[in-house]
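S.K.: Before I ask anything, let me first share the structure, which is written out below as structure tokens.
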């Protein structure tokens with residue numbers, strides 16, 4: 001018997017005994033799994049909070065759109081500024097928000113949307129006819145000269161925990177018909 005065979009025979013028995021031994025495996029598994037469990041819990045919390053914040057932003061945008069749809073008199077810059085303040089309050093955000101409120105009209109000759117007026121606050125600019133001309137895939141087709149009020153909002157969701165994702169923008173896109181008047185006018 002060679003030296004290597006002798007060492008192999010002597011090591012085989014303790015290694016086999018070590019492989020069969022199950023004492024302490026729960027502690028080792030806990031050490032390995034605990035960080036993964038914590039990361040998963042924080043990830044679920046972050047994902048839930050992200051969906052909750054998106055829902056809050058969308059409800060705030062619907063509230064602003066509904067408020068505008070009930071207007072029967074002309075609105076002005078002060079009204080638009082107040083609408084942004086209301087949105088920020090309802091969405092529970094303080095900075096970095098942008099809002100764009102526009103009234104769009106459908107024309108049948110040729111078939112496309114036109115902007116009656118558009119006002120933006122924050123980092124966005126007002127819409128133009130060229131911007132909305134081909135929005136037939138995201139806005140409803142309507143009768144000739146029918147109008148809708150479009151409210152768009154932007155904010156950035158800041159993650160409560162860094163779990164491998166980055167902060168990302170939340171954009172809402174809400175449209176509604178004027179309720180009590182054929183259109184909502186804007187006077188600067």
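The values are calculated or read from the model by the stated rules, or taken from the named source; none is laboratory data. If you're wondering where the values come from, they're calculated on a predicted model, not measured in any experiment. FYI the Cβ positions are ideal-geometry reconstructions off the backbone, even for glycines, and counts take in every protein chain you see.
S.K.: Return yes when residue 178 is touching a residue at least 12 places away in the same chain (Cβ under 8 Å), on the phi < 0 side of the Ramachandran plot, surrounded by fewer than 16 Cβ atoms within 10 Å (Cβ to Cβ) and part of a loop (DSSP other than H, G, I, E, B) and no when it is not. Full working, then the answer.
M.R.: Numbers: touching a residue at least 12 places away in the same chain (Cβ under 8 Å): yes; on the phi < 0 side of the Ramachandran plot: yes; surrounded by fewer than 16 Cβ atoms within 10 Å (Cβ to Cβ): no; part of a loop (DSSP other than H, G, I, E, B): yes.
Here the answer is no, as residue 178 does not meet what is asked.
S.K.: When only residues in region 103-125 that are within 21 Å of the chain's Cα centre (by Cα) and within 22 Å of residue 187 (Cβ to Cβ) count, which is modelled with the lowest pLDDT? Can you show your working first?
M.R.: Taking region 103-125 first, the residues within 21 Å of the chain's Cα centre (by Cα) are 120-125.
Filter again for within 22 Å of residue 187 (Cβ to Cβ), leaving 120-122, 124-125.
Details: 120: 95, 121: 93, 122: 89, 124: 92, 125: 93.
My answer is 122.
S.K.: Something else now. Using the structure shown, decide if residue 132 is touching a helix residue (DSSP H, G or I) at 6+ places or on another chain (Cβ under 6 Å), surrounded by 11 or more Cβ atoms within 10 Å (Cβ to Cβ) and under 25 Å from residue 60 (Cβ atoms).
M.R.: Taking the combined requirement at face value, the residue does not satisfy it.
S.K.: Please verify whether residue 49 is modelled with pLDDT of 90 or more, surrounded by fewer than 17 Cβ atoms within 10 Å (Cβ to Cβ) and farther than 17 Å from residue 157 by Cα, treating the condition exactly as stated. Explain how you work it out, then say what you get.
M.R.: Details: modelled with pLDDT of 90 or more: yes; surrounded by fewer than 17 Cβ atoms within 10 Å (Cβ to Cβ): yes; farther than 17 Å from residue 157 by Cα: no.
Spelling it out, it is not the case that residue 49 is modelled with pLDDT of 90 or more, surrounded by fewer than 17 Cβ atoms within 10 Å (Cβ to Cβ) and farther than 17 Å from residue 157 by Cα.
S.K.: Output the residues belonging to region 144-179 that are more than 17 Å from residue 93 (Cβ to Cβ) and at pLDDT below 90.
M.R.: Residues satisfying the conditions are 144, 145, 161, 162, 163, 164, 165, 166.
S.K.: Could you please give the count of residues in region 74-100 that are surrounded by fewer than 17 Cβ atoms within 10 Å (Cβ to Cβ), assigned to a loop (DSSP other than H, G, I, E, B) and touching a residue at least 12 places away in the same chain (Cβ under 8 Å)?
M.R.: 4
S.K.: What about residue 152, is it in contact (Cβ under 8 Å) with a residue 12 or more places away in the chain and either within 14 Å of residue 46 (Cβ to Cβ) or assigned to a loop (DSSP other than H, G, I, E, B) (or both)? Before you say what the answer is, go through the steps one by one.
M.R.: Numbers: in contact (Cβ under 8 Å) with a residue 12 or more places away in the chain: yes; either within 14 Å of residue 46 (Cβ to Cβ) or assigned to a loop (DSSP other than H, G, I, E, B) (or both): no.
For residue 152, the condition - in contact (Cβ under 8 Å) with a residue 12 or more places away in the chain and either within 14 Å of residue 46 (Cβ to Cβ) or assigned to a loop (DSSP other than H, G, I, E, B) (or both) - is not met.
S.K.: A further question on this structure: Is there a residue in region 121-142 that is in contact with a strand residue (DSSP E or B) (Cβ under 6 Å, 6 or more places away or on another chain) and part of a strand (DSSP E or B)?
M.R.: yes
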